[in-house]
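J.: Before anything else, here's the structure in question.
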There are 2 protein chains.
Amino acid sequence: MTWIGARVVRKDAAEKVTGRARFASDLFVPGMLRVRVVRSPVARGRIRRIETSRAREVPGVVAVLTARDIPGRNCIPVVLDDLPLLAAEEVRFHGEPVAVVAAETEAAAEEAARRVEVVVEELPPVLDPLESLKSDAPRLWGDDNVFKRWHVRRGDVDAALQGADLVVAGSYRTPYQEHAYLEPQGMLAVPTPDGGLEVTGSMQCPFYVREGVATVLGLPLASVRVVQATTGGAFGGKEDVPSIVAGQAALVAWKTGRPARLIYTRDEDILSMSKRHPGLVESRYGFARNGTLLAADVRYILDAGAYATLSPVVAWRGTVHAVGPYRCENVRVETLAVATNKVPCGAFRGFGSPQVLFAAESQMDEAAHRLGLDPVEVRRRNLLRDGDVTPTGQRLRAEVGLGEALERVVAASGWAEKRASGPGTGTRRYGIGCSVVHYGVCLGAGGRNLDRAGAFVQVMYDGSAIYAVGTTEMGQGMHTVLAQVVAEELGLPYDAVRPVASDTHMVPDSGPTVASRTTMMSGNALRRAAAPIRRTLQEVAASLLGQADPADIRLENGRATAPDGRSVDYDEVLHRCFLERRPLASSAMAVSPETSWDPETGAGDAYITYAFAANVVEVAVDVETGEVEVLRVHAAHDLGRAVNPTGVEGQIEGGSAQGLGYALLEEILHDARGRMVNHRFSTYLIPTARDVPPIHAHIVEHPTEVGPYGAKGFGEQPLMGIAPAVANAVFHATGVRMREVPITPERLWRALRDGGPR
Amino acid sequence: MTWIGARVVRKDAAEKVTGRARFASDLFVPGMLRVRVVRSPVARGRIRRIETSRAREVPGVVAVLTARDIPGRNCIPVVLDDLPLLAAEEVRFHGEPVAVVAAETEAAAEEAARRVEVVVEELPPVLDPLESLKSDAPRLWGDDNVFKRWHVRRGDVDAALQGADLVVAGSYRTPYQEHAYLEPQGMLAVPTPDGGLEVTGSMQCPFYVREGVATVLGLPLASVRVVQATTGGAFGGKEDVPSIVAGQAALVAWKTGRPARLIYTRDEDILSMSKRHPGLVESRYGFARNGTLLAADVRYILDAGAYATLSPVVAWRGTVHAVGPYRCENVRVETLAVATNKVPCGAFRGFGSPQVLFAAESQMDEAAHRLGLDPVEVRRRNLLRDGDVTPTGQRLRAEVGLGEALERVVAASGWAEKRASGPGTGTRRYGIGCSVVHYGVCLGAGGRNLDRAGAFVQVMYDGSAIYAVGTTEMGQGMHTVLAQVVAEELGLPYDAVRPVASDTHMVPDSGPTVASRTTMMSGNALRRAAAPIRRTLQEVAASLLGQADPADIRLENGRATAPDGRSVDYDEVLHRCFLERRPLASSAMAVSPETSWDPETGAGDAYITYAFAANVVEVAVDVETGEVEVLRVHAAHDLGRAVNPTGVEGQIEGGSAQGLGYALLEEILHDARGRMVNHRFSTYLIPTARDVPPIHAHIVEHPTEVGPYGAKGFGEQPLMGIAPAVANAVFHATGVRMREVPITPERLWRALRDGGPR
């Protein structure tokens, strides 16, 4: 391998370092209108009227549009199609879009938006999912305010708990988490001369944006071309909701016939865009004295917010991952995604698993403590290995690197010695904790129809090449990895391969860029697309070299070499291709292998494969203030094969940092009327560079047969196990079991004051 | 067939009628510089220096660039790679680019360009190709000022002429012709964040533009993306020379890092862009008494201008077509493309054939006159029919519709009666003349390596579709015809099919959009690209309908129908495709069948097939003023199959009108120092609506096996035979044989004054 495994320079490094990269707010088109959104001032209410006359008086205002101006369906299609583009009769959360204003300048649009008066009859909101589940709660969705239920029923949980030597029970809470991507949401919509629309902006999923815009405007899909602009981070927060932003900009463009750009302020972005679901997990685990996990009984409630959006699938992934990466033959999981009058929750790195894994990995830690075993030892005893069966009944292939990952962090962190030397005494106590997680890569049975990806590859006669895929670069390094794949497959220098911006017109619907599926799915699609070009290069080179079997020709770095060592430069091969009019372009689609899920039993081959991780977190706790300082993180990830180790390390560092924010800092607060109170970075705190400790990344490679060169996707995984490892380290340091994150100084101080383990 | 042969509305009708279409000069990008070109004031000279300091003083000027600023090669690659982007040491024609100026405004750029002083030592220019061929002429190219020679040697011409009953000899002259496209040349070049360049503008050949820009800037092809803007006419005039315009804009963009737009004024466009080659033909034909053509001896000199550009291939096509569509076993053709110090000539509808066909069809007319035969009868006796062998030795398949075409115009025009009733007497004399021509479709052996085309088709799950091709829409109606092909192949409504702007990143190098090859080559490529999608639709429909053989499923207008009449809507078929994750996108390439050419003998299967035409032109000549009024034109064209009869009629009308301009009005004049004097539409006259008579279009369909649904390309053909038909009609009216076009009143008046046939 020339490029697979190489630490190449990121494809987008230069443009991002120099500031040449063009994000949505760098896009200008002559005649472009600026758009602002008018939002609900209350969490729940009936819209009595929308006063727009004072807004229309602002000089430069071109349009004030409400739901009744929508030419197509007032719907952003996600799973249940319940999300309107603009609220029509009632508002269901504080910050919900009600109208859009378009003006010649940002200032005029801003002023006009302020002047639109949304007259609402306020109703008492439902803010807590447990309240929402009560039979006398206001009806927000269906008969019971439950958007979706899932369950797993395996073995005999009650009997196993009955017979267990130890039952550990706990109730765990996790908060909203804001994606805090560097770049807020933004879209530019431009009417095309042929009656279509071109939409460019910040997004994860161009095909979702296309469907959203086409639905809202009542246009055929072919009339909406969506091209991704450079996207400054996403983390799931640009999966479904960019369709709202695009729909708002597109509505203006369509009604006015002019280009329209809408860039969300950070304020409204935090206020109205999707978040990680707050989670509530009730957990009972049964153990044998030796630490063997006998049964798991988990009730998992997701606070979905005002609209279902992605909650049904978020809940599904949470269900599959609920018991963590362990063998467990008696499993009961009940998952509910419940409606409340708060901002709708959606995709976020981990996708419903971090909440439930916080519970699972805390439970394992507590069991170890109560059994007098080392937490690592309890995990060693139960964790998934080659050929094991997951809690949902899926037998794993021989590609499970979890054991190795755990031993790597245990060894690298000096776990044994540090556990042995203990937390010390005095104000500042030392703690070390661990966690293990698994991650079902790609969409799995919950999204199998979407689990496909298209690719297009074209080699030019001078040996340079382009490729296009339907997944997106959002900072995660997709294009670096995929250019490595193309260079490897075609024997081209990495620098000769140029990615093209993701564009719905260039490749077929490739599903969303989520579920850590990009390296695998687009990688596989590119390999398929490259295959006929590779064959052509081999055939032509074989003929030039007088070699009988083209398959024997090795292609590497711009040369074709026969088994006897004779070789020919690509210049010559490509010139011959030109003369022979050989096609050097190809499009292809990859689909994931089949998965299965029985909704009755919650059993099935849920995912095509799994990635695995083990984390060790070391902390120092000030037991007088409750402050937790993270000293270092060791994280080992089995991702099958690291196409670009530097990118992998970056993902591990970034995900761990985001996990530390989840563990220690981040939460969204609402007032009693359901209004979000901390939708600014001055009040919603995320880790800064000074908060992030050294993160030691360890790469474990147990290749999967279903990924390109054995690679598994893993980008979400680094976040997933951090919070419980922190909580476990805090327990080690203080003896206090924190069952709610973030472990803020206030919260920990109160727990320490109340004394001892909770 | 649902769509093939249907008179659908043009795909670009609405946007062009409403003014929404965006031509190059409608493109604006923030920060865009305006570019102007500084040109040689003389026809030939040595550049002593270029004074730029006074230009740089103009406020708003950002760059003044000369040849030494070119980072790559100072060359626009065409055939011989002799054309520089900017003249470096010597200038070779009046109007040759010497420097480019970029400024914040058009006015500043204009002013600065005026202030650049090109100090030239003027040298005596060579203006006439016959002068250029003299041994003591200044050396402009190689040893003999001949860019390229071709010949045909077949049979024994001298013996056949010796034995002929009649030898007709003549010397024929044709002028420069200006394309007079509605939209002048224009390009926008935008640097991309990743270090590449995106070029958009008016063009025929995106892949030529890409190569030109990459060469000039020293960039890999993959770093230059070329997207065609709406293009307002071309006629060959946007084949090679847009690469100059793009290179000039790109040079500015590259050096300044800013977007740069260059729109040529009409003045400089006529002055410096390519033209039809002036032609000089010496012809001797031998006939038997019964009118049989026994021998043809043709010497054809093309005045190529200062650089070779496309002249070698223009000369080749002229060579192949030199004797017209007749059986002739003794053929000698000598063709020379000769350098002079005038604007370089290039592609123009007919591509080297109208000049020599003017001679050929005048010769036939004169032979008829001198043999006392009807001109139609002489043609009937000699013209190519199924299975005949062309003058270059190519045996035709059974797809020759020339005889039918001739009979159609003869009948429709009332030829026999009108010839019989004669020109009449008095000042205003009536005349009727005819011509027949053939046209070798696609590039043929002269450009076989380029004769390929790529296509990409994508069907969306809602039944709308897009397609992309590498050939271009320039007003000729390509996208209407190709959308018909896609709709037909996939059983979609025509309105559901949306073309995508031609884009070098979406399809592989598809060669140039020339040689009337688009319907055939891109049509074939689209059929190939559609084939797997069609199969998928048939398979899925067959399974839904319980039909064993998918091939039996008929796809039409959004429904799939089994032989027993049961049918299923595409909604259902496509939903199933979605669920089954069936790919509905495909790219493909078509290559033309093999052609051959022996440069020694000038024999070979020059083209993959031929289209044919017959014209009858009726005129009224004022014998006192020499004014020729064209009363009507009958034109019958065998184009294999008319995919869109309305488009075909439009091509016939437009081509005939352009041919009438060539016959009667258009010529470029130079002063004694070689400076073009009539580079404005006030002095270069083209037919207006009032000059164009009724044109009766007749469609003849002899399907070819190598084109889609039997279609042959034919877009150039309508111009090709008009000039000789006019001259022959003038002869019929006046008895004066005009051997030079345009037949201006002055020229005809002088001939009438000098009396009788010349």
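J.: Have a look at A:Thr319, A:Thr309 and point out the one that is touching a Pro at 6+ places or on another chain (Cβ under 7 Å), open to solvent by less than 10 Å² (accessible area, probe 1.4 Å) and modelled with pLDDT of 95 or more. So that I can check it myself, show each step before the final result.
T.: Numbers: A:Thr319 fails: touching a Pro at 6+ places or on another chain (Cβ under 7 Å).
None of the others qualify; the one that does is A:Thr309.
J.: Take B:Arg582 and decide whether it is away from chain A (no Cβ under 14 Å), within 20 Å of A:Ala529 (Cα to Cα) and out of contact with any Gly (no Cβ under 8 Å at 6 or more places or on another chain).
T.: Answer is no for this residue.
J.: So is B:Ala487 part of a helix (DSSP H, G or I), within 14 Å of chain A (Cβ to nearest Cβ), under 21 Å from A:Ser587 (Cβ atoms) and out of contact with any His (no Cβ under 7 Å at 6 or more places or on another chain) or not? Show your work before the answer.
T.: Values: part of a helix (DSSP H, G or I): yes; within 14 Å of chain A (Cβ to nearest Cβ): yes; under 21 Å from A:Ser587 (Cβ atoms): yes; out of contact with any His (no Cβ under 7 Å at 6 or more places or on another chain): yes.
Against the criterion (part of a helix (DSSP H, G or I), within 14 Å of chain A (Cβ to nearest Cβ), under 21 Å from A:Ser587 (Cβ atoms) and out of contact with any His (no Cβ under 7 Å at 6 or more places or on another chain)), B:Ala487 qualifies.
J.: Which condition breaks for A:Asp495 when tested against (1) open to solvent by 10 Å² or more (accessible area, probe 1.4 Å); (2) within 14 Å of another protein chain (Cβ to nearest Cβ); (3) over 19 Å from A:Ser586 (Cβ atoms); (4) not in a helix (DSSP H, G or I)?
T.: Failing condition for A:Asp495: (4).
Yes/no matrix, rows are residues, columns are (1) within 17 Å of B:Ala727 (Cα to Cα); (2) modelled with pLDDT under 95; (3) crowded, with 23+ Cβ neighbours inside 10 Å:
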{"residue": "B:Val573", "(1), (2), (3)": "no, no, yes"}
{"residue": "B:Met589", "(1), (2), (3)": "no, no, yes"}
{"residue": "B:Asp605", "(1), (2), (3)": "no, no, no"}
{"residue": "B:Tyr610", "(1), (2), (3)": "no, no, yes"}
{"residue": "B:Val621", "(1), (2), (3)": "yes, no, yes"}
{"residue": "B:Arg632", "(1), (2), (3)": "yes, no, no"}
{"residue": "B:Pro645", "(1), (2), (3)": "no, no, no"}
{"residue": "B:Leu660", "(1), (2), (3)": "yes, no, yes"}
{"residue": "B:Ala672", "(1), (2), (3)": "no, no, no"}
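J.: Just to be sure, is B:Val35 closer than 26 Å to B:Ala501 by Cβ and not in a helix (DSSP H, G or I)?
T.: On the way: closer than 26 Å to B:Ala501 by Cβ: yes; not in a helix (DSSP H, G or I): yes.
Yes; evaluated as a whole, the condition is true for this residue.
J.: Out of all the residues in the range A:68-90, is one or more open to solvent by 30 Å² or more (accessible area, probe 1.4 Å), more than 14 Å from chain B (Cβ to nearest Cβ), modelled with pLDDT of 95 or more and assigned to a strand (DSSP E or B)?
T.: Yes, because at least one residue in the range A:68-90 is open to solvent by 30 Å² or more (accessible area, probe 1.4 Å), more than 14 Å from chain B (Cβ to nearest Cβ), modelled with pLDDT of 95 or more and assigned to a strand (DSSP E or B).
Conditions (1) of a type in the set (Val, Ile, Thr); (2) more than 22 Å from the chain's Cα centre (by Cα); (3) in a loop (DSSP other than H, G, I, E, B); (4) at pLDDT below 95, marked per residue:
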| position | (1), (2), (3), (4) |
| --- | --- |
| B:Leu685 | no, no, yes, no |
| B:Arg690 | no, yes, no, yes |
| B:Glu705 | no, yes, yes, no |
| B:Pro718 | no, no, no, no |
| B:Val726 | yes, no, no, no |
| B:Val736 | yes, yes, yes, no |
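J.: Using the structure shown, decide if B:Leu123 is away from every other protein chain (no Cβ under 14 Å), among the aliphatic types (A, V, I, L, M) and open to solvent by 40 Å² or more (accessible area, probe 1.4 Å).
T.: Numbers: away from every other protein chain (no Cβ under 14 Å): yes; among the aliphatic types (A, V, I, L, M): yes; open to solvent by 40 Å² or more (accessible area, probe 1.4 Å): no.
The answer is no for B:Leu123.
J.: Please work out if A:Ile722 is under 20 Å from A:Lys275 (Cα atoms), surrounded by 24 or more Cβ atoms within 10 Å (Cβ to Cβ), hydrophobic (A, V, I, L, M, F, W, C) and in the same structural domain as A:Glu624 (by TED's automatic domain parsing).
T.: Details: under 20 Å from A:Lys275 (Cα atoms): yes; surrounded by 24 or more Cβ atoms within 10 Å (Cβ to Cβ): yes; hydrophobic (A, V, I, L, M, F, W, C): yes; in the same structural domain as A:Glu624 (by TED's automatic domain parsing): yes.
In short, yes.
J.: If you don't mind, another one. On the basis of being surrounded by 17 or more Cβ atoms within 10 Å (Cβ to Cβ), away from chain A (no Cβ under 14 Å), farther than 30 Å from A:His575 by Cα and in contact with a Gly (Cβ under 9 Å, 6 or more places away or on another chain), does B:Arg534 make the cut?
T.: Numbers: surrounded by 17 or more Cβ atoms within 10 Å (Cβ to Cβ): yes; away from chain A (no Cβ under 14 Å): yes; farther than 30 Å from A:His575 by Cα: yes; in contact with a Gly (Cβ under 9 Å, 6 or more places away or on another chain): yes.
When the stated conditions are applied, B:Arg534 passes them.
J.: Can you tell me which residues in the range A:91-107 are open to solvent by 10 Å² or more (accessible area, probe 1.4 Å) and over 28 Å from the mean Cα position of the chain (by Cα)?
T.: Once the filter is applied, which keeps residues that are open to solvent by 10 Å² or more (accessible area, probe 1.4 Å) and over 28 Å from the mean Cα position of the chain (by Cα), the range A:91-107 yields A:Glu104, A:Thr105, A:Glu106, A:Ala107.
This table checks each residue for (1) open to solvent by less than 10 Å² (accessible area, probe 1.4 Å); (2) within 28 Å of B:Glu701 (Cα to Cα); (3) within 14 Å of another protein chain (Cβ to nearest Cβ); (4) not aliphatic (A, V, I, L, M).
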{"position": "B:Leu373", "(1), (2), (3), (4)": "no, no, no, no"}
{"position": "B:Gly387", "(1), (2), (3), (4)": "no, yes, no, yes"}
{"position": "B:Thr392", "(1), (2), (3), (4)": "yes, yes, no, yes"}
{"position": "B:Trp415", "(1), (2), (3), (4)": "yes, yes, no, yes"}
{"position": "B:Gly426", "(1), (2), (3), (4)": "no, no, no, yes"}
{"position": "B:Gly431", "(1), (2), (3), (4)": "yes, no, no, yes"}
{"position": "B:Ser435", "(1), (2), (3), (4)": "yes, yes, no, yes"}
{"position": "B:Leu443", "(1), (2), (3), (4)": "no, yes, yes, no"}
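J.: Then there's this: Kindly establish whether A:Arg49 is among the charged types (D, E, K, R), modelled with pLDDT of 95 or more and surrounded by 17 or more Cβ atoms within 10 Å (Cβ to Cβ).
T.: Numbers: among the charged types (D, E, K, R): yes; modelled with pLDDT of 95 or more: yes; surrounded by 17 or more Cβ atoms within 10 Å (Cβ to Cβ): no.
So A:Arg49 fails the test.
J.: Of all residues in the range B:445-472, count the ones that are more than 9 Å from chain A (Cβ to nearest Cβ) and open to solvent by 10 Å² or more (accessible area, probe 1.4 Å). So that I can check it myself, show each step before the final result.
T.: Quick first cut of the range B:445-472, residues more than 9 Å from chain A (Cβ to nearest Cβ) only: B:445-447, B:453, B:455, B:457, B:467, B:469-472.
From the residues that got through so far, the ones that are open to solvent by 10 Å² or more (accessible area, probe 1.4 Å) too are B:445-447.
So the answer is 3.
J.: Please enumerate the residues belonging to the range A:498-518 that are surrounded by fewer than 24 Cβ atoms within 10 Å (Cβ to Cβ) and in contact with a His (Cβ under 8 Å, 6 or more places away or on another chain).
T.: The answer is A:Pro499, A:Val500.
J.: Every residue in the range A:110-135 that is of a type in the set (A, V, I, L, M, F, W, C) and assigned to a loop (DSSP other than H, G, I, E, B), please.
T.: Passing the criteria: A:Val116, A:Leu123, A:Val126, A:Leu127.
J.: Continuing with this model, one more query. Would you tally the residues in the range B:189-209 being open to solvent by 10 Å² or more (accessible area, probe 1.4 Å) and either more than 12 Å from chain A (Cβ to nearest Cβ) or within 17 Å of B:Ile70 (Cβ to Cβ) (or both)?
T.: 3
J.: Shifting gears a bit: Looking at the range A:527-602, what strands (runs of 3 or more DSSP E) fall wholly within it and have at least 2 residues that are under 32 Å from the mean Cα position of the chain (by Cα) and in contact (Cβ under 8 Å) with a residue 24 or more places away in the chain? Give the derivation first.
T.: On the way: elements: A:554-556, A:559-561, A:567-569, A:585-591.
Here the list reads A:585-591.
J.: If I go through the range B:591-603 residue by residue, how many of them are touching a strand residue (DSSP E or B) at 6+ places or on another chain (Cβ under 7 Å), surrounded by fewer than 22 Cβ atoms within 10 Å (Cβ to Cβ) and more than 8 Å from chain A (Cβ to nearest Cβ)?
T.: 2
J.: Next question. In the range A:2-25, how many are outside any helix (DSSP H, G or I) and surrounded by fewer than 14 Cβ atoms within 10 Å (Cβ to Cβ)? Step through it out loud before you land on a result.
T.: Going residue by residue through the range A:2-25, those that are outside any helix (DSSP H, G or I) are A:2-12, A:19-23.
Retained after the next criterion (residues that are surrounded by fewer than 14 Cβ atoms within 10 Å (Cβ to Cβ)): A:7, A:9, A:19.
Going through the range A:2-25 one residue at a time, the tally reaches 3.
J.: In addition: B:Ser353 versus (1) at positive phi; (2) open to solvent by less than 10 Å² (accessible area, probe 1.4 Å); (3) of a type outside the set (A, V, I, L, M): which is the lone unmet condition?
T.: Unmet condition: (1).
J.: Does the range B:335-345 contain any residue that is farther than 30 Å from B:Gln204 by Cα, assigned to a loop (DSSP other than H, G, I, E, B) and in contact (Cβ under 8 Å) with a residue 12 or more places away in the chain?
T.: Looking only at the range B:335-345, we keep the residues that are farther than 30 Å from B:Gln204 by Cα, and these are none.
The answer is no; no qualifying residue exists.
J.: On to the next question. Going by what's in this entry, would B:Val409 be described as closer than 21 Å to B:Cys328 by Cβ and either hydrophobic (A, V, I, L, M, F, W, C) or touching a residue at least 40 places away in the same chain (Cβ under 8 Å) (or both)? It would help to see each step written out before you state the result.
T.: Numbers: closer than 21 Å to B:Cys328 by Cβ: no; either hydrophobic (A, V, I, L, M, F, W, C) or touching a residue at least 40 places away in the same chain (Cβ under 8 Å) (or both): yes.
Answer is no for this residue.
J.: Consider only pairs whose beta carbons are under 7 Å apart and that are at least six residues apart or on different chains; among these, list those whose first residue lies in the range B:306-332 and is assigned by TED's automatic domain parsing to the domain that holds B:Gly604 and small (Gly, Ala, Ser) and whose second residue is open to solvent by 10 Å² or more (accessible area, probe 1.4 Å) and not in a loop (DSSP other than H, G, I, E, B).
T.: Every condition considered, the pairs that remain are B:Ala308/B:Phe147; B:Ser311/B:Phe147; B:Ser311/B:Lys148; B:Ala315/B:Lys148; B:Ala315/B:Trp150.
The values are calculated or read from the model by the stated rules, or taken from the named source; none is laboratory data. Note that the structure is predicted; figures quoted are calculated from it, not measured. Positions of Cβ are generated from backbone atoms using ideal geometry, with glycine treated the same way; all protein chains shown enter the neighbour counts. All accessible areas refer to the heavy atoms of the entire protein, side chains included, with ligands and DNA or RNA removed. Shrake-Rupley method; radii C 1.70, N 1.55, O 1.52, S 1.80 Å.
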